[in-house]
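The values are calculated or read from the model by the stated rules, or taken from the named source; none is laboratory data. No experiment lies behind these values; they were computed from the predicted model shown. With ideal geometry, Cβ positions are generated from the backbone for all residues, glycine too; neighbour counts draw on all protein chains shown.
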């Protein structure tokens, strides 16, 4: 499927929809409810919601509350898929599942596995037999440890619950990852392109053995037999160290924050200096033990980990991704990622494509959860900040339609949000106050909240896209209407 990457200007809407909220329930059994005058989008949400909920496992299973996040029919969940499905699960009321599944991974780390955890866990509570034989013979993608640090930080930012980053299990896991794990697997920045072919291989070693070859894969891209390093792992380490620095800052340890921020940047600079192919205008995505760079899957994760800071290179990366046919696992990330960088029309098309009954393999669990993420974080622009008790929203659409979500749990509260062109309405239906940062795309001449002209600020991202925002405190039960004066 070819996706045109050029963003099109649309004529300004000719009417403004009514400001009043439609009569929506606040949530069904903890699930957010979405409605829109765009019936295709509303149908996409329903299809994705129903598919995602079908993967919810019984809380009475031995593993505890869980949902499927692996190849269908395995009755299991793996690190990569869970880390991606977390926000969609939060939207659909699976808070207990998220907490339990993340804790299971954190608690699985051990020195006998060279500081890896279990890649995939079965509903029985045991490691999935497809990926684990014993502590010396198992499947493991090295991205996983860094992915879990990032996941804990994202969940704290979404919920405001400090347990995600301050539990004993998380503190131990993250400290081991940025120290002993990195050393054990030869992952210091200066060693990335000179790692041994099979580090930490058990003795006796059988190169043909499936688990020996897949114990410590340096990428999520699994099709290259001679893989020495993947760009996605470099990006994962950047994001893992960045999140660890954020957590150090949250704890008030400014020296550690500075040190780990510098370590994170060392990995990112590797991407820009070693992995960028200037002649092709693209990033290489893998490096072989035969010392050859190549291109394949992996670009998705450069965006997912927010490792790219050069607008021109981001545009070329997105253009390449939009011009090719990818597997559905990669596509499941794109509705949110494209929206983040201002490709709103393309993001919308991915949402509809991924929920179309004719789309191959749309039943893969990541897809439906990814659509939830694309609608709520992408289209509705919901961005909580647990550190500062702040919720940012922005309507990332060129559409004249309204979109509304009710019963959404963020920052340990509940919200109801409605977007129309040039207007957003937010109600705090929970029991905790927060700051609402009401944002609009572009450089607005002004923003009024509840009729009062507010002090505004403009921020411009690496793509050159600007947002104008103003803030207001929302106590429990309060509702505010923000209007763009343009």
Just give me the residues in segment 407-419 being surrounded by fewer than 23 Cβ atoms within 10 Å (Cβ to Cβ) and in a strand (DSSP E or B), in sequence order. 407, 409, 413, 414, 416
From 235, 201, 197, 144, which residue is assigned by TED's automatic domain parsing to the domain that holds residue 282, surrounded by 21 or more Cβ atoms within 10 Å (Cβ to Cβ) and over 30 Å from residue 64 (Cβ atoms)? 235
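Results for (1) buried (at least 21 other Cβ atoms within 10 Å of the Cβ); (2) within 30 Å of residue 468 (Cβ to Cβ); (3) modelled with pLDDT of 95 or more, shown as yes or no for each residue.
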residue	(1), (2), (3)
275	yes, no, yes
343	yes, yes, yes
358	no, no, yes
374	yes, yes, yes
378	yes, yes, yes
Looking for something in a strand (DSSP E or B) and modelled with pLDDT of 95 or more - is there at least one such residue anywhere in segment 229-236? yes
So, restricting to helices (runs of 4 or more DSSP H) that lie completely within segment 250-338, which ones have at least 2 residues that are assigned by TED's automatic domain parsing to the domain that holds residue 70 and farther than 21 Å from residue 222 by Cα? 254-270, 311-322
Scanning segment 358-382 for residues that are assigned to a loop (DSSP other than H, G, I, E, B) and free of Cβ contacts under 8 Å to residues at least 60 places away in the same chain, which turns out nearest to residue 35 (Cα to Cα)? 380
Taking the criterion of being closer than 30 Å to residue 199 by Cα, touching a strand residue (DSSP E or B) at 6+ places or on another chain (Cβ under 8 Å) and without any contact (Cβ under 8 Å) to a residue 24 or more places away in the chain, would at least one residue in segment 114-122 satisfy it? yes
Just to be sure, is residue 133 assigned by TED's automatic domain parsing to the domain that holds residue 199, closer than 17 Å to residue 61 by Cα and touching a residue at least 24 places away in the same chain (Cβ under 8 Å)? no
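Every residue in segment 82-110 that is touching a residue at least 24 places away in the same chain (Cβ under 8 Å) and either outside any helix (DSSP H, G or I) or closer than 18 Å to residue 214 by Cα (or both), please.
Result: 92, 93, 94, 109, 110.
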Answer yes or no: is there a residue in segment 131-141 that is touching a strand residue (DSSP E or B) at 6+ places or on another chain (Cβ under 8 Å) and within 25 Å of residue 95 (Cβ to Cβ). no
Select from segment 456-486 the residues that are outside any strand (DSSP E or B) and under 25 Å from the mean Cα position of the chain (by Cα) and write down the one among them that is surrounded by the fewest Cβ atoms within 10 Å (Cβ to Cβ). 464
Inside segment 200-221, can you point out the residues that are touching a helix residue (DSSP H, G or I) at 6+ places or on another chain (Cβ under 8 Å) and more than 22 Å from residue 308 (Cβ to Cβ)? 200, 201, 202, 205, 206, 207
Against the definition (crowded, with 17+ Cβ neighbours inside 10 Å, in the same structural domain as residue 372 (by TED's automatic domain parsing), touching a residue at least 12 places away in the same chain (Cβ under 8 Å) and closer than 24 Å to residue 31 by Cβ), how does residue 427 come out, yes or no? yes
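Which ones in segment 143-160 are more than 24 Å from residue 234 (Cβ to Cβ) and out of contact with any helix residue (DSSP H, G or I) (no Cβ under 7 Å at 6 or more places or on another chain)?
159, 160
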Of the conditions (1) over 26 Å from the mean Cα position of the chain (by Cα); (2) in a strand (DSSP E or B), the single one that residue 438 does not satisfy is (1)
